[in-house]
Amino acid sequence: MNKIQKFFKDVVREMKLVSWPTKADIKEGTTVVIVMSAIVGIFLSIVDLFFTKIVSFLF
């Protein structure tokens, strides 16, 4: 039981040393992910449309 208590005390101590992101950092990161996901989605849609046209033209 002593090892378990020591483990959790160490966890609490380490969590206090963690450099947590600020709200602004989280907001900025989330915005970047959403925008990049939209850009990649649009790009892949255009590529898919392009290849669909090529395949339908060939066959």
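Worth pointing out:
- Subset of the range 22-59 [outside any helix (DSSP H, G or I) and modelled with pLDDT of 95 or more]: THR22
- Residues satisfying the stated conditions in the range 1-43, i.e. surrounded by fewer than 10 Cβ atoms within 10 Å (Cβ to Cβ) and among the acidic types (Asp, Glu): GLU14
The values are calculated or read from the model by the stated rules, or taken from the named source; none is laboratory data. If you're wondering where the values come from, they're calculated on a predicted model, not measured in any experiment. Every residue, glycine as well, gets a Cβ built from its backbone with ideal geometry; the counts of neighbours run over all protein chains shown.
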